[in-house]
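Chemist: Here it is: the structure, laid out below.
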Amino acid sequence: MLGISELRLTNLLFDMDEDGIATVTLNRPTKRNALNAQTIEELIGVFTALPSTGARAVVLKASGPHFCAGLDLVEHGREERSPAEFMRICLRWHEAFNKIEYAGLPVIAALKGAVVGGGLELASSVHIRVMDETTYFGLPEGQRGLFTGGGATIRVPALIGKARMVDMMLTGRLYSGDEAVNVGLAQYRVADSEAKAYELARTAAQNTPLSNFAVCSAISHMQNMSGFDAAYAEAMVAGIVNTQEAAKGRLSSFARGTANKIKPD
Ligand code: 1HE
């Protein structure tokens with residue numbers, strides 16, 4: 001596995017501050033951050049290497065006015081891929097997005113402009129989505145003679161339900177504004193999605209890394225299990241996390257009455 005500094009990134013930017021808040025930037029703005037094969041390979045490289053960098057949380061953002069225009073339609077048309085070739089491409093997309101969802105690090109997306117097609121597949125693999133006033137969500141695959149291939153059939157219904165996804169794909173319906181939050185496409189709608197994403201990343205980074213590891217991997221895994229097995233797995237994860245050394249100071253501070261109380265501001 002290549003370390004993050006050994007990766008040759010052309011379509012992504014990577015940065016990390018002294019607090020362990022990492023930033024991954026989709027950096028192909030002239031193509032509206034369309035996902036070509038190279039970008040997917042870079043996402044796999046970065047999100048594979050990230051857990052060993054000491055990062056505590058990740059902000060996924062984009063250069064230019066749009067978060068991501070989905071599959072690189074020009075490359076796809078030019079390559080004239082066979083079914084098997086495109087299936088392999090989709091498996092690389094799954095690899096990239098699974099690395100994001102299951103790697104155990106909080107990933108917060110700062111959304112703006114178009115979050116469409118594969119862009120929504122990418123956004124739906126992160127743990128928290130923050131939108132701004134320009135953000136809109138769509139699945140234009142139907143209009144392009146295509147179908148989702150980056151995990152949308154699993155992740156989008158988990159956010160908004162099957163009926164809404166089918167409607168988006170059949171009719172090209174776009175969601176924006178309050179409606180997008182209300183249906184579950186984003187958890188926050190603010191004027192500055194990047195500023196809010198960093199604020200949330202810093203908040204999440206205050207948790208113990210092991211708790212965040214469980215939150216950002218175990219919950220997703222448990223959705224793939226039967227309820228019975230998920231409950232057992234939950235007990236196992238809690239057995240490890242809830243007895244960790246790093247929790248002891250927090251528990252004794254609560255017992256002394258010096259810990260924060262869980263109340264609205
Ligand atoms: C692209 C792409 C792209 C832009 N692939 N090159 N996704 C879509 O159907 C969305 C397609 N894109 C758009 O509808 C619009 O570009 C946007 C609404 C996102 C932005 O509009 P705008 O006016 O700001 O930009 P533009 O002039 O349309 O595009 C600027 C450049 O980006 C232009 O290239 P140029 O060389 O002519 O300057 C565009 O060709 C390029 N560009 N979007 C390639 N998607 C695993 S399966 C997933 C299946 C899907 O994702 S389907 C959804 C595809």
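Chemist: Looking only at Cα atoms, what is the convex hull volume of the range 90-143 per residue, in Å³?
Modeler: 66
Chemist: Taking only the Cα atoms of the range 1-140, how large is their convex hull per residue, in Å³? Before the final figure, lay out the partial values.
Modeler: On the way: hull volume 14.8 nm³, N = 140.
Cα-based convex hull of the range 1-140, divided per residue, equals 106 Å³.
Chemist: The range 44-86: which GluC sites (Glu not before Pro) are DSSP loop and have at most 16 other beta-carbon atoms within 10 angstrom?
Modeler: 80
Chemist: Can you give the calculated 222 nm mean residue ellipticity of the chain, where each DSSP H run of n ≥ 4 adds -39,500 (n - 2.57) and the sum is split over every residue, rounded to the nearest 500 deg cm²/dmol?
Modeler: On the way: 13 runs with 124 residues, N = 265.
When only DSSP H runs of four or more count, the value is -13500 deg cm²/dmol.
Chemist: Using alpha carbons only, what's the Rg to Rh ratio of the range 135-187 with Rh from Kirkwood?
Modeler: On the way: Rg = 10.5 Å, Rh = 11.1 Å.
Reported Rg/Rh (Cα atoms, Kirkwood Rh): 0.94.
Chemist: If I model a spin label as a point 7 Å beyond the Cα along the Cα-Cβ vector, how far apart are those points for residue 231 and residue 179 in nm?
Modeler: For the pair residue 231/residue 179, the computed spacing is 4.0 nm.
Chemist: A further question on this structure: Report, by chain and number, residues whose modeled amide H sits under 5 Å from the one on residue 62, excluding near sequence neighbours (fewer than 5 apart, same chain).
Modeler: 26
Chemist: Using a Gaussian network model of the chain whose springs link C-alpha atoms within less than 10 Å, name the residue from 175, 232, 188 with the highest mean-square fluctuation.
Modeler: Its mean-square fluctuation being the largest, the pick is 232.
Chemist: Quick one: Karplus J couplings for the range 90-97, per residue in order, coefficients 6.51, -1.76, 1.60, θ = phi - 60°, nearest Hz, x for Gly and Pro?
Modeler: Rounded to whole hertz, the list is 4, 5, 5, 4, 4, 4, 4, 6.
Chemist: Could you order peptides 177-183, 34-40 by the average number of other Cβ atoms within 10 Å of their residues, highest first?
Modeler: My ranking of the peptides, most packed first, is 34-40, 177-183.
Chemist: Could you check how many percent of all C-alpha pairs in the range 67-111 are farther apart than 18 Å?
Modeler: Considering the range 67-111, 45 percent of its Cα-Cα pairs are separated by more than 18 Å.
Chemist: Then there is this: In whole Å, largest first, what are the principal axis extents of the Cα atoms in the range 4-65?
Modeler: 31, 22, 14
Chemist: Equivalent-ellipsoid semi-axes (√(5λ), Cα gyration tensor) for the chain, whole Å, largest first?
Modeler: One finds semi-axes of 32, 21, 19 Å for the chain.
Quick note: the coordinates plus some simple rules give every number you see, no bench work behind them. Keep in mind that what you see is a predicted model, and the values were worked out from it rather than measured. Neighbour counts are summed over all protein chains in view; Cβ atoms, including those assigned to glycine, are modelled from backbone coordinates with ideal geometry.
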